[in-house]
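Here's the structure we're looking at; comments come further down.
The values are calculated or read from the model by the stated rules, or taken from the named source; none is laboratory data. Bear in mind the structure is a predicted one, so any value in this text is a computation, not a measurement. Positions of Cβ are generated from backbone atoms using ideal geometry, with glycine treated the same way; all protein chains shown enter the neighbour counts.
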Amino acid sequence: MSSTASPLAAPEPWDLVAPEYVRELLPMFETFARDALSRTGVAAGQRVVDVAAGPGTLSLLAARQGVHVTAVDFSPQMMAFLRERAAAAGLSIDARIGDGMALELPERTFDAAYSLFGLMFFPDRPRGFRELYRVLRPGGRAVVSSWQPMQSSPSINAFFQSLAEIMGGGGGPRDGKMPLSDPETCEQEMSDAGFTQVAVHQVSASVTYPSAEEMVEAMARSSAPIALMAKGMGDQWPPLQQALREKVRALLGDGPQSVLFQAYLTTGVRPASTP
């Protein structure tokens, strides 16, 4: 089975948002990364691979624990940002530009493998799952995270509903459907790759903004699909963004806005008896 290609399966949108992605969303992503690390129980001296590593949220947390980290991402800007952050923290991370569906890594190498909000956008997700399986040693654990439907977050739903209405239905999926956005699909696709002991866990984190307008501004700066759309619209984007601010404020009201991010973390084990 191959998944329909997403615009987010190309490096450009991630290159566009690399610095703001960390500035706006680091605390939220650290919540998911810490949870993922805790579910694999990796210890100092072990080896892990972080696929679609982005700016290195999980990679840096693991390296601080004395874990040997290989980070892979297809976005040159994200990898450059990861290297800068690692150097500033005095951490050693093997950061590589590469394809998560064709990892240039030896098989049976890593004690744990992760792909947080990355594999979900791969054009061929089954290949991505199989690559995680291939590079894990027998008994190694994998964690893949993906977003729950946007209806689970009123603020995010208000943002994309408003955008779709302003653009005449073209601002995003009105039903909030994202890849790997239901637990049955998460479990099935990881199991199909050969993993056992597959389980799907619900994890949430939140970010609070001073106002609805600030929330819109932050999402426009740090959301890869919105940044890509804004670039394509050129001079048409600023007035649309102003209309979006007003519409979201009308829906959510004045005052601070707490944005809830809800995810599935799917875990699995490469069987110890793998030939």
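Summary of values
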item: Some residue of region 259-268 being part of a helix (DSSP H, G or I) and aromatic (Phe, Trp, Tyr); result: no
item: Selection from region 159-168 of residues that are in contact with a strand residue (DSSP E or B) (Cβ under 9 Å, 6 or more places away or on another chain) and either aliphatic (A, V, I, L, M) or surrounded by fewer than 22 Cβ atoms within 10 Å (Cβ to Cβ) (or both); result: none
item: Subset of region 200-221 [at pLDDT below 90 and in contact with a Gly (Cβ under 9 Å, 6 or more places away or on another chain)]; result: ALA212
item: Selection within region 204-255 - crowded, with 16+ Cβ neighbours inside 10 Å, touching a strand residue (DSSP E or B) at 6+ places or on another chain (Cβ under 8 Å) and small (Gly, Ala, Ser); result: ALA205, SER211, ALA212, ALA218
item: Residue selected from region 126-141 under the condition closer than 17 Å to PRO179 by Cβ and either of a type in the set (Gly, Ala, Ser) or touching a strand residue (DSSP E or B) at 6+ places or on another chain (Cβ under 9 Å) (or both), by the criterion surrounded by the most Cβ atoms within 10 Å (Cβ to Cβ); result: LEU132
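Residues checked against (1) in contact with a helix residue (DSSP H, G or I) (Cβ under 6 Å, 6 or more places away or on another chain); (2) assigned by TED's automatic domain parsing to the domain that holds VAL200; (3) surrounded by fewer than 24 Cβ atoms within 10 Å (Cβ to Cβ); (4) within 18 Å of SER145 (Cα to Cα):
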| position | (1), (2), (3), (4) |
| --- | --- |
| VAL48 | yes, yes, no, yes |
| VAL51 | no, yes, no, yes |
| ALA71 | yes, yes, no, yes |
| MET78 | yes, yes, no, no |
| LEU82 | no, yes, no, no |
| ALA88 | no, yes, yes, no |
